[in-house]
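What follows is one structure encoded as structure tokens, with my remarks underneath.
The values are calculated or read from the model by the stated rules, or taken from the named source; none is laboratory data. Keep in mind the model is a prediction, meaning the values are calculated, not measured. Note that each Cβ is placed from the backbone with ideal geometry, even for glycine, and that neighbours are counted across all protein chains shown.
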Amino acid sequence: MSRSVERVRSVSQGFLEPGERTRRVMLAQGGVSPWWRAGFFLVGAMAFQLVPVGGYAGFRGALGGLAGVLLANAFTSRRVVLETDRAVVVLRYGRFGVVKPTRVLARLPLGTGIGSLSGTWARIELAGERLWVHRHWQGDAAAFVPPRLG
């Protein structure tokens, strides 16, 4: 198990019920598509190039790109999805910085399906929210328990 999975698991433990154990971990993001985030960066970088202030074009481009990324973060929600021995738990965590959950958004029945995952950013629907899962987290997410039939 990777260090990143272990770290997310340990910081999320305080949001679970006493004695509840995490089986699988997945990070996801909602809001704007991750591909739009790249667009925000590029538009910001190009827009700052148009500012009619002396030299330093490279600096202005970098500053504009940073402004674009910060704006994209304002429209992005970040989630931790845990499959425990009792439920599928969706946690919210901050828009900036490291993964540090802030509250439980949903407790779904064990067996809630995650859906098919493919590509760099897989799109899923969970707890009434459209989320994207990066390829790094798809391996663990693919093992989530599928919906029970019958």
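Summary of values
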{"quantity": "Residues of region 5-43 satisfying the condition of being in contact (Cβ under 8 Å) with a residue 12 or more places away in the chain, part of a helix (DSSP H, G or I) and polar (S, T, N, Q)", "calculated": "S12"}
{"quantity": "In region 99-123, residue surrounded by the most Cβ atoms within 10 Å (Cβ to Cβ) [restricted to those that are modelled with pLDDT of 80 or more and of a type in the set (S, T, Y)]", "calculated": "T112"}
{"quantity": "Subset tally (residues that are in a strand (DSSP E or B) and within 11 Å of the chain's Cα centre (by Cα)) for region 91-121", "calculated": "4"}
{"quantity": "Residues of region 84-98 satisfying the condition of being surrounded by fewer than 17 Cβ atoms within 10 Å (Cβ to Cβ) and either in contact with a helix residue (DSSP H, G or I) (Cβ under 8 Å, 6 or more places away or on another chain) or without any contact (Cβ under 8 Å) to a residue 12 or more places away in the chain (or both)", "calculated": "R95, F96, G97, V98"}
